[in-house]
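Here it is: the structure, laid out below.
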Amino acid sequence: MSHAHSAVHEPVLLSAPEQRALAWRLSLSLAAAGALILSVALETIAPAQKDVAQLIAGVAAVLVGVPALQTAWRSLRSPDLHGITDQLIALAFIAAWASGDLITATLLPLIMMVGHILEERSLLGSQEAIRALSTLTESTARRLGANGEIAEIAATALQSGDVIEVRAGDRIPADGVVVSGTSSVDTASITGESVPMEVASGTEVFNGSINLDGLLNIRVSHVGGETTLGRVIALMQDAENIKPAVTRLLERYAGGYMAFVLLLTASLWFLTGSTMGALAVLVASCPCALVLAAPATSIAAIAVASRHGILVKGSAFLEQLANVDAVVFDKTGTLTTGELHLVAVAAETGIADTSLIRLAGSLGAASSHPVSRAVGQAVPEGERLAVTDFKETRGLGITGILGGETVALGRAALFESLGIRTSPAPADHRGPVAGVAKGGKFWGWVLLADQVRVEAREALQELRQLGLSHQIMITGDRRAEAERVARTLDITQVRAEALPDEKMQFVQAEAKAGYRTMVVGDGINDALALKVGAVGVAMGARGTDVALASADLVLMTNDLRRLGTCVRLSRRCRRTILINVGVGLGWTAVVIGIAAAGIFGASGALVAAILHNAGTLAVMANAGRLLKFQDRAAGN
């Protein structure tokens, strides 16, 4: 049940026309770049072939210039940040073409076109996250009839009040309450809890969770978009349509810049009658240095981040990271490894700890239950005992035969059924426990827990030194376990037993309180919080596809110390961008002023083009310095 059919048609992220348009623009960009390189090389190597080189440069300019003009024309009907940028680039293209600066005439629309392609690809990441979530709802369900008959139907056809049968290995297709049966349920996709939840009659279960080992009958309470998973999908779709405040600010000032350039050019032509002077101002106003100020720096920063095992999905996120002053951590799989490990034993008198662990591991290795598997991993395969006749009882544990005696690993109820008296489990341990017995005698308890990452304490201390002292852990796990991890890492603020939408609301509340929050997580349950935080960071090595697609940055090595690297790099990036913007604005203002004064004379447009290209080279050179960044603090 509840497995998505192979015949289910997955939504297409791009329509066929959109795919063709994207491929066409990419092809034009590559062709124009190749032609431009050929033109520059030919003019450098063979100056006598300057006319041929200019012809090739003209072809390159046409390849990207015509689409740029078309895009700018269409943007006049719906002005936004992208539209204003398109118009400025088109204006600069026309001015550069008219002045004969074919290299600039090619570079400007080429930058715009490549930028749009990268931007569209970045947006697909969010759409992939929504699609990945949606596939969890594309399942079937076994609905029980009044006479006990079973009908297999699409999960979307379920209604509140229906009773469904969920077998071992099935994904639960709707929110509901267990009416009969006992089992272990993997709720990691919703709550992020690493330890399976034990469910019985009256327990609430969620759509997207996986039934591990028992047969359950569940009365449906919420279906479709009303389920916890459905609300996650809907909220993520809404988040896609929110326009950041910084975007609106840039739109307002970008429009003013265009109006200023047009007014200055027209005024100069009206007062002096000099067409060459007006053209020189237009060429001088080409925002080449400004267009490159942030992108060139961001591209360098993204390359450096990749070298440090950090995937950055967009330059804006790297810039925003420089401003964060708070961190919200998920627990399971983020601050902890996300896997159970044997951490201690409580052996009975006369039983050696090593003997207890060896027997427990030999039994656990034969089981498919997560707790038993974790116990089994504590004993290397070559050291396991020759236990035979394994028998696993769902919801209780596993038994076998060793040396003619019955051996057992499991819950207290298993030993009760075998007539074996057990001692109380350690009361101070909040994680899973499993008992061990041999020959009718109880040997003791093995204690398991999710382990804190070895570098976590160092990483959090490093973030505090960088000014991110406001640190919160919010998790779907139990409060006792959450507080144990928090104490280990000196985190004073903890929110436990939180569902995905509650995590999102908490992050939003932090933003309203004035904090610029970095959210770090790895699961589906973190997707919404990753989206609404100022910056979302996903743990890449073990993170879910949904979390990776929802996040802005991905730590591919799962080393939390890379968070400090991210912050330092982002601040270096911001400083470089500010310098570049200052150079771009200052140099452009100087060149415009000189051009407007007519100092360039009859060659004004050519000289203006040379000077503003010099400013562009300065910006590029300063951005290139960022490539030398090497973060020693993160172990590089």
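The values are calculated or read from the model by the stated rules, or taken from the named source; none is laboratory data. It should be emphasised that the depicted structure is a prediction, and the values quoted were computed from it without experimental measurement. Because the Cβ atoms are built from the backbone with ideal geometry, glycine has one as well, and the counts that use them run over all protein chains shown.
Inspect region 371-386 for any residue being in the same structural domain as residue 444 (by TED's automatic domain parsing), modelled with pLDDT of 85 or more, surrounded by fewer than 21 Cβ atoms within 10 Å (Cβ to Cβ) and β-branched (Val, Ile, Thr) and give the result as yes or no.
No - not one qualifying residue is present in region 371-386.
For region 414-429, which residues satisfy the criterion of being in contact with a Phe, Trp or Tyr (Cβ under 8 Å, 6 or more places away or on another chain), at pLDDT 90 or above and loosely packed, with under 15 Cβ neighbours inside 10 Å?
421, 423
When region 167-179 is examined, which residues are found to be within 32 Å of the chain's Cα centre (by Cα), surrounded by 16 or more Cβ atoms within 10 Å (Cβ to Cβ) and among the hydrophobic types (A, V, I, L, M, F, W, C)? Steps first, please.
The first filter runs over region 167-179 and keeps only residues within 32 Å of the chain's Cα centre (by Cα), leaving 168-176.
Subset that is surrounded by 16 or more Cβ atoms within 10 Å (Cβ to Cβ): 170-176.
Residues satisfying the conditions are 172, 174.
Still on this model: Could we say that residue 451 is in a strand (DSSP E or B) and under 30 Å from residue 527 (Cβ atoms) here?
Working: in a strand (DSSP E or B): yes; under 30 Å from residue 527 (Cβ atoms): yes.
The answer is yes for residue 451.
Here are the criteria: (1) loosely packed, with under 13 Cβ neighbours inside 10 Å; (2) part of a helix (DSSP H, G or I); (3) of a type outside the set (Gly, Ala, Ser). Tell me which single one residue 26 does not satisfy.
(1)
In addition: Which ones in region 370-383 are under 17 Å from residue 345 (Cβ atoms), touching a Leu at 6+ places or on another chain (Cβ under 8 Å) and not in a loop (DSSP other than H, G, I, E, B)?
371, 372, 374, 375, 376
Among the numbered conditions (1) in a loop (DSSP other than H, G, I, E, B); (2) on the phi < 0 side of the Ramachandran plot; (3) of a type outside the set (Asp, Glu), tell me where residue 148 comes up short.
(2)
For residues in region 498-535 being closer than 20 Å to residue 186 by Cα and small (Gly, Ala, Ser), which is modelled with the lowest pLDDT?
Once the filter is applied, the top-ranked residue is 523.
Here is a follow-up. Among the residues of region 462-479, is any under 18 Å from residue 197 (Cβ atoms) and either over 23 Å from the mean Cα position of the chain (by Cα) or outside any loop (DSSP other than H, G, I, E, B) (or both)?
So in region 462-479, the residues under 18 Å from residue 197 (Cβ atoms) come out as 475-479.
Now restrict to residues that are either over 23 Å from the mean Cα position of the chain (by Cα) or outside any loop (DSSP other than H, G, I, E, B) (or both): 478-479.
For region 462-479, residues under 18 Å from residue 197 (Cβ atoms) and either over 23 Å from the mean Cα position of the chain (by Cα) or outside any loop (DSSP other than H, G, I, E, B) (or both): present.
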